[in-house]
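The values are calculated or read from the model by the stated rules, or taken from the named source; none is laboratory data. This one's a predicted model, so the numbers in the text were calculated from it and none came from an experiment. Glycine also receives a Cβ, built like all others from the backbone with ideal geometry; neighbour counts cover every protein chain displayed.
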Amino acid sequence: MTTSRYPHLLEPLDLGFTTLKNRVIMGSMHTGLEEEKNGYDRMAAYFAERAKGQVGLMVTGGIAPNRQGWTAPFTSKMTSKREARKHKKITKAVHDADGKICMQILHSGRYGYHPLAVAPSAIKSPISPFKPWKLSGWGVNRTIRHFVRAAKLAQFAKYDGVEIMGSEGYLINEFVSAKTNKRTDKWGGSFENRIQFPLEIIRRTREAVGENFILIFRLSMLDLVEEGNTWEETVHFAKEIEKAGATIINTGIGWHEARVPTIATMVPRGGFSWVTQKMMNEIKIPLVTTNRINTPEKAEEILANGHAHLVSMARPFLADPELVKKAIEGREDEINTCIGCNQACLDHVFKQKTASCLVNPRACHETILNYTPTLSPKKIAVVGAGPAGLSAAAVAAGRGHTVTLFEAQSEIGGQFNIAKLIPGKEEFYETLRYYKKQIELHGVELKLNHKATAQELLEFDEVIISTGIKPRTIELEGMEKNTVLDYEDVLKHNKSVGNKVVIIGAGGIGFDMAEFLSHEGKSPSLDTHLFLKEWGIDGTNSTRGGLTKPNPHPSPREITMLQRSETKIGKDLGKTTGWIHRSSLKMKKVTMLNGVSYDKIDENGIHITRNNEPQFIEADTIVVCAGQVSVHALHEGLIALGKTPHLIGGGKLAKKIDAQRAIREGSELGAGI
């Protein structure tokens, strides 16, 4: 065992009445388990697994203090002892695993997705369909009482503390900001008046729960919205929070309605820790920094550089519940790293589905999907080392099967080898590193540059086919011209691309291609300074709300994206990240045209019809990103020889590349075979 690599990260933190075993907080995430049948049993298993993984302190997803505070109808609330008793399963499981856990109290305010939503003023949010009711003076006092009641009930449920959610644009944040608080009573007007609502909640909560109870306040330190707070106001507020009785201040970055990415994969690792660092000498209680911290190395660096006293990682513990334990034991290369994709976590939650994780389908399914040792080891062939094949091979071999993995290319990864080249998607390198290690750990025999034949697969007990997609071609006059390429020509074979480019297809691959071709030089996702400049974030946090004018590096090419469908371009992109991709390309002045029919290609460009009018777009290069098709020759050959193979991933369904489905299918098959 070694801990020397992480002296700051693994140092205990003495809070006076209790000690955290290290400086790692698992930040709050709503998973949807709160509303599932047997959800509390599942949450108990979910949190216990992470407590066993040596997280210093965990925070639950947001629990409403009353109905008005619901994020959506019938989501979780803490209003009675009957509700609190259900939580005792969670706290017992965590404490039995030698962990600590706080309950987050979150009042959604005007973000509530229901007609009971309330706010300091009746101003509709741009991301919710409901205009909130303005809280009366009596309603404000009642809401404060409900926060305190929720904290007392959390204490009754044996939580180690609570986190009061005061950031991200929810109710408390709405009271503090002049943008959303237009009141003229004692809860509005001056900044001093506007902060009285949260301060009163903290004071009364501390009085109600006593001194020996963790009270975290999540403070918005960078609003990233017009009319947001100034840094001077934020510092004053932090000092008042400390006086009111908070144990710890956590950092919030950006309101949910902010038009700046804050946690998606294109945000550099630890890209906002500088915000917390500015607060370090202003107050005496511990400070937590957060957002896109996904490795123990980055967490250690942040703490060693004096940016915070603790680091909060949320989604990284969906990806790997043993992240801290593996760091302690020097097994960093075995960590399944969060890639910040949002696809199975936030996107699921916003669709009212249970959260999980693209790279770890067991997340939030700990009582359902388990990789137990096999009682009847088999000889298994997996054909294709893309995401589906890698997960199937790793899980099956980890359970005790003898697995041979065939890959026609010279490296594992399949479509991930394309994804990792896109600016903002460099985290896919980590997933490939993880699977390389899993193959090695579990003794998978890897045969690269080997195109498996149906005949040689007959000797195996089970055959899993996870290969067989190729770029879709389109029927169009002029497709044979050397100015026409497909996405693999550009990304895999490095064929040169001109200065005027037309991309046919505006799905996920089309957007990736546009990102790839519109960037040059260092990717902003690898350089915090470039990222802040591109998205208009004031790196000194001296402007109101922390905003300045976006100044992206100009695209080296003139790019036009074309889509046959008349639907909004990018409609099928991730629910919580699609707007980022569209905004990024707009900043690069990429033209996006929908409702297009393709007429022909000539030496100078492409002829199209749009709105019943013929148009010509000049282009040096035309890149076809019209999706992909499955190739089933091997599957059919095996069936002809009397073998029934399992088909997963792109070979099963190639309509759109879906790494989340591919890894889940591979993992489930590996678990059950």
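Being buried (at least 22 other Cβ atoms within 10 Å of the Cβ) and more than 30 Å from residue 581 (Cα to Cα) is a property that residue 253 lacks.
A residue that is assigned to a helix (DSSP H, G or I) and surrounded by fewer than 24 Cβ atoms within 10 Å (Cβ to Cβ) occurs somewhere in the range 387-397. Do we find a residue being touching a strand residue (DSSP E or B) at 6+ places or on another chain (Cβ under 9 Å), under 26 Å from residue 84 (Cβ atoms) and not in a loop (DSSP other than H, G, I, E, B) anywhere in the range 7-16? No: zero hits. Considered as a group, the residues in the range 22-56 that are hydroxyl-bearing (Ser, Thr, Tyr) and in a helix (DSSP H, G or I) include one that is surrounded by the fewest Cβ atoms within 10 Å (Cβ to Cβ), and that residue is 40.
Candidates 219, 303, 224: the one that is over 30 Å from residue 7 (Cβ atoms), among the hydrophobic types (A, V, I, L, M, F, W, C) and outside the structural domain of residue 586 (by TED's automatic domain parsing) is 224. When the range 284-309 is limited to residues that are buried (at least 22 other Cβ atoms within 10 Å of the Cβ) and hydroxyl-bearing (Ser, Thr, Tyr), the one that is nearest to the chain's Cα centre (by Cα) turns out to be 290. Among the residues of the range 234-249, are any in contact (Cβ under 8 Å) with a residue 40 or more places away in the chain and under 15 Å from residue 170 (Cα atoms)? No - not one qualifying residue is present in the range 234-249.
If you go through the range 584-593 and keep only what is surrounded by 15 or more Cβ atoms within 10 Å (Cβ to Cβ) and either under 26 Å from residue 659 (Cα atoms) or under 27 Å from the mean Cα position of the chain (by Cα) (or both), you end up with 584, 585, 587, 588, 590, 592. One residue stands out in the range 549-580 among those that are touching an Asp or Glu at 6+ places or on another chain (Cβ under 7 Å) and buried (at least 18 other Cβ atoms within 10 Å of the Cβ): the one that is farthest from residue 346 (Cα to Cα), namely 552.
Of the residues making up the range 257-281, just one is among the basic types (Lys, Arg) and more than 22 Å from residue 544 (Cβ to Cβ), namely 269. Within the bounds of the range 218-234, is there any residue that is aliphatic (A, V, I, L, M) and farther than 28 Å from residue 24 by Cα? Yes: one or more hits. Residues in the range 531-542 that are surrounded by fewer than 18 Cβ atoms within 10 Å (Cβ to Cβ) and without any contact (Cβ under 8 Å) to a residue 24 or more places away in the chain: 538, 540.
Restricting 127, 90 to residues that are hydrophobic (A, V, I, L, M, F, W, C) and within 26 Å of residue 248 (Cβ to Cβ) narrows the list to 90. Output the residue which, of all residues in the range 619-628 that are under 32 Å from the mean Cα position of the chain (by Cα) and assigned to a loop (DSSP other than H, G, I, E, B), is surrounded by the most Cβ atoms within 10 Å (Cβ to Cβ). Going through the qualifying residues, I end up with 625.
For the range 369-386, a tally of residues being touching a strand residue (DSSP E or B) at 6+ places or on another chain (Cβ under 8 Å) and assigned to a loop (DSSP other than H, G, I, E, B) returns 4.
Can you give me the ranges of the strands (runs of 3 or more DSSP E) entirely in the range 536-618 with at least 2 residues that are modelled with pLDDT of 95 or more and among the β-branched types (Val, Ile, Thr)?
Answer list for the range 536-618: 558-562, 596-602, 605-610.
Listed by first and then second residue, the pairs linking a residue in the range 89-101 that is among the small types (Gly, Ala, Ser) to a residue that is in a strand (DSSP E or B) and at pLDDT 95 or above, with Cβ atoms under 7 Å apart and 6 or more places separating them unless they lie on different chains, are 99/58. Those helices (runs of 4 or more DSSP H) of the range 212-325 in which 3 or more residues are more than 22 Å from residue 529 (Cα to Cα) occupy 231-244, 316-319.
For the subset of the range 165-211 comprising residues that are among the aromatic types (Phe, Trp, Tyr) and in a helix (DSSP H, G or I), which member is nearest to residue 140 (Cα to Cα)? Quick ask: steps written out before the conclusion?
Step one: of the range 165-211, the residues among the aromatic types (Phe, Trp, Tyr) are 170, 175, 187, 191, 197.
Subsequent filtering for residues that are in a helix (DSSP H, G or I) retains 175, 191, 197.
Working: 175: 10, 191: 17, 197: 8 Å.
Of everything passing the filter in the range 165-211, 197 is nearest to residue 140 (Cα to Cα).
The criterion of being of a type outside the set (Ser, Thr, Tyr) and either exposed (fewer than 15 other Cβ atoms within 10 Å of the Cβ) or under 22 Å from residue 457 (Cα atoms) (or both) holds for residue 631.
Against the numbered list (1) surrounded by fewer than 23 Cβ atoms within 10 Å (Cβ to Cβ); (2) in contact with a His (Cβ under 7 Å, 6 or more places away or on another chain); (3) in contact (Cβ under 8 Å) with a residue 60 or more places away in the chain, residue 377 comes up short only at (3). In this entry, residue 90 is excluded by the filter for residues that are in contact with a strand residue (DSSP E or B) (Cβ under 8 Å, 6 or more places away or on another chain) and either in a strand (DSSP E or B) or not β-branched (Val, Ile, Thr) (or both).
Scanning the range 634-643 for residues that are crowded, with 19+ Cβ neighbours inside 10 Å and either part of a loop (DSSP other than H, G, I, E, B) or not aliphatic (A, V, I, L, M) (or both) yields a count of 1. Note on the range 65-100: among residues that are under 20 Å from residue 155 (Cβ atoms) and in contact with a His (Cβ under 6 Å, 6 or more places away or on another chain), the one that is surrounded by the fewest Cβ atoms within 10 Å (Cβ to Cβ) is 66. A single entry from 562, 641 fulfils the requirement of being touching a residue at least 60 places away in the same chain (Cβ under 8 Å), closer than 30 Å to residue 658 by Cβ and assigned by TED's automatic domain parsing to the domain that holds residue 659: 641.
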